[in-house]
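Asks: Below you will find the structure I want to go over with you.
The values are calculated or read from the model by the stated rules, or taken from the named source; none is laboratory data. This one's a predicted model, so the numbers in the text were calculated from it and none came from an experiment. Reconstructed Cβ throughout: ideal geometry from the backbone, glycine too, with neighbour counts over all protein chains shown. The area values use the complete protein model at the heavy-atom level, side chains included, leaving out ligands, DNA and RNA. Shrake-Rupley method; radii C 1.70, N 1.55, O 1.52, S 1.80 Å.
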Amino acid sequence: MSSSGIKSRDAFATTLGAFTATVGSAIGLGNIWKFPYLTGSNGGAAFVLAYLLCVALVGIPIMIAEHVIGRRTRQNAVQAYETVIPRQRGWSAIGWGGLVAAVLIMAFYTDVAGWVFAYVFKSLRAFVVGTTLGQGDFAALAGGTWEPLAWQLGVLALACFIIASGVSKGIERATKTLMPLLFVLLLICDVRALSLPGASAGVSYLFRPDLAKLTAPVLLAALGLAFFKLSLGMGTMTTYGSYLPEATRIFPNAARVAVADTVVSLLAGLAIFPAVFAFGGTPAGGPGLLFNTIPLVFAKMPAGGLFTTLFFILTAVATIGAMVSLIEVPVAWLTEKRRLSRPVAAIVTGAGMFALGALATLSQSPVLSGVKIFGKSFFDLFDFLSSNLLLPLGGLAIAVVAGWLLARTDFQAELDKGFAARPWHTKLMSAFVKFVAPVLILVILLDSLGILRLS
Ligand code: PFF
């Protein structure tokens, strides 16, 4: 439990490196694919409002709690929760739940990441031959059998290769340079989309909430997205916390990550919804929304095809940082507890993820499209179980450990690190971790189960 433990483990070299890697885990398909499509299928601005509240009131406190526990223990997520409270080893269930969640998320994440990589090539080809990608192209890709499977396997192999090369080298290098580029490209998309005739309807859709739409399923979806977006409730941020330098200030770091992440989501929304309305599409376009909209945003613009390709290249890069952090959860455990080498751990993890991932991918092709469990396809089931159930439950347990069981002085000591004197926010954040975040998670979960009626 001492900080000397870090010497024998790989770690982020600097506070800036830790920030960019954390942002690299947070920013990914969640911003560019999931945020817009969930906003579209949950009625627009009311969902956005619920989401922003969940990030501020639940997301930031849980990220703080995970970073505190990670840095205090300097261990992988399973062992961190096993040892953080003396004689209460049962909390390691949080780490185990996290391992399950990581594999479930990767199962559908790699499917979508595969579509993104495929679109890099498809959009380039369309540019060269002078056409635009349409809805039929996406349907053919996602509904295929071998093509999406091959892309999925390819992206998994790439992410496992980066993981095998080590934490600071692999993750920091891959994410540090390319995130700013993604940001700039999103801005270009926004300018383009907002200058389309009829774009203002999309802006209202995103920012004018109709509070009647705040139903229990919408609140649960917003909470689940906040966890998914910020990579919370499953030990990823605990693991990253275990690599944090001692000098990193936990609250400001977490707040900056949440703000950067939210800005990217809103920029993605501003690129997509104005275009959806301008082209007479439907916001509730489901998982294909991104793929069907972006080529249209750039169509008819000079070199529009090239911009489309660039957009998908940068999105592909963003998926890598997130996937790497998801694979890191089981890999950290396999290397530290099971003593596997990093390359072997990465291969074992990747193989397990592909086995389940193939089910998610094939559930959209005729091979498995008829199979429904609790009325959901494998793809939707893995998403629902991880984002809307495991992550919020994990977050609740993490809040209990950090807010109620960890000695107050220990918790505050971690939050004070990096400051010369105790900062104003230490006590406030303690209260958020102890009361606000767990109560909200509990209320939303009970509401969505029908046990409590808010609406
Ligand atoms: N935060 C990532 C995204 O929004 O794309 C997804 C993710 C990464 C979720 C890592 C969970 C995680 F542990």
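Asks: Taking the options F273, F279, F307, F312, name whichever one is open to solvent by less than 10 Å² (accessible area, probe 1.4 Å), more than 16 Å from the ligand (Cβ to nearest atom) and among the aromatic types (F, W, Y). Please lay out each step first, then the result.
Replies: Working: F279 fails: open to solvent by less than 10 Å² (accessible area, probe 1.4 Å); F307 fails: open to solvent by less than 10 Å² (accessible area, probe 1.4 Å); F312 fails: more than 16 Å from the ligand (Cβ to nearest atom).
Being open to solvent by less than 10 Å² (accessible area, probe 1.4 Å), more than 16 Å from the ligand (Cβ to nearest atom) and among the aromatic types (F, W, Y) holds for just one of F273, F279, F307, F312, which is F273.
Asks: Check V331, V297, V317 and return the single one that is modelled with pLDDT under 85, open to solvent by less than 20 Å² (accessible area, probe 1.4 Å) and in a helix (DSSP H, G or I).
Replies: Working: V331 fails: modelled with pLDDT under 85; V317 fails: open to solvent by less than 20 Å² (accessible area, probe 1.4 Å).
So the residue among V331, V297, V317 that is modelled with pLDDT under 85, open to solvent by less than 20 Å² (accessible area, probe 1.4 Å) and in a helix (DSSP H, G or I) is V297.
Asks: Just a yes or no: is a residue in segment 259-266 in contact (Cβ under 8 Å) with a residue 24 or more places away in the chain, closer than 25 Å to P330 by Cα and open to solvent by less than 20 Å² (accessible area, probe 1.4 Å)?
Replies: Checking segment 259-266: at least one residue is in contact (Cβ under 8 Å) with a residue 24 or more places away in the chain, closer than 25 Å to P330 by Cα and open to solvent by less than 20 Å² (accessible area, probe 1.4 Å).
Asks: Being modelled with pLDDT of 95 or more and polar (S, T, N, Q) narrows it down to one of T15, T22, T39, so name that one.
Replies: Working: T15 fails: modelled with pLDDT of 95 or more; T22 fails: modelled with pLDDT of 95 or more.
Matching residue, one of T15, T22, T39: T39.
Asks: Pairs only if they're at least six apart or on different chains, beta carbon under 9 angstrom, first in segment 22-36 and closer than 16 Å to F312 by Cα, second at pLDDT 90 or above and outside any helix (DSSP H, G or I); list them, first residue then second.
Replies: That search, which allows pairs on different chains as well, returns G28/S231; G30/L230; G30/S231; K34/G28; P36/P283.
Here is a yes/no grid of residues against (1) open to solvent by 40 Å² or more (accessible area, probe 1.4 Å); (2) away from the ligand (no atom under 16 Å from the Cβ):
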residue	(1), (2)
L385	yes, no
R408	yes, yes
D416	no, yes
K427	yes, yes
F432	yes, yes
A437	no, yes
L442	yes, yes
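Asks: Hey, can you tell me all the residues within segment 100-127 that are without any contact (Cβ under 8 Å) to a residue 40 or more places away in the chain and open to solvent by 20 Å² or more (accessible area, probe 1.4 Å)?
Replies: Once the filter is applied, which keeps residues that are without any contact (Cβ under 8 Å) to a residue 40 or more places away in the chain and open to solvent by 20 Å² or more (accessible area, probe 1.4 Å), segment 100-127 yields F121, K122, R125.
Asks: Suppose we keep only residues that are assigned to a loop (DSSP other than H, G, I, E, B) and among the charged types (D, E, K, R) within segment 234-270. Which one would you say is farthest from the ligand (Cβ to nearest atom)? Before the answer, list the steps.
Replies: So in segment 234-270, the residues assigned to a loop (DSSP other than H, G, I, E, B) come out as 234-235, 243-249.
Checking the rest, the ones that are also among the charged types (D, E, K, R) come to 246, 249.
Values: E246: 24, R249: 22 Å.
Of everything passing the filter in segment 234-270, E246 is farthest from the ligand (Cβ to nearest atom).
Asks: So which residues in segment 248-258 are open to solvent by 10 Å² or more (accessible area, probe 1.4 Å) and either hydrophobic (A, V, I, L, M, F, W, C) or touching a residue at least 12 places away in the same chain (Cβ under 8 Å) (or both), if there are any at all?
Replies: R249, F251, A255, R256
Asks: Right, here's the next one. Return the residues of segment 402-452 that are of a type in the set (S, T, Y) and out of contact with any helix residue (DSSP H, G or I) (no Cβ under 8 Å at 6 or more places or on another chain); say none if nothing qualifies.
Replies: T409
Asks: Being over 17 Å from Q412 (Cβ atoms) and under 25 Å from the mean Cα position of the chain (by Cα) is the filter here; which residues of segment 437-455 pass it?
Replies: Within segment 437-455, P438, V439, L440, I441, L442, V443, I444, L445, L446, D447, S448, L449 qualify.
Asks: In segment 387-399, how many are under 19 Å from R71 (Cβ atoms) and surrounded by fewer than 22 Cβ atoms within 10 Å (Cβ to Cβ)?
Replies: Here the count works out to 1.
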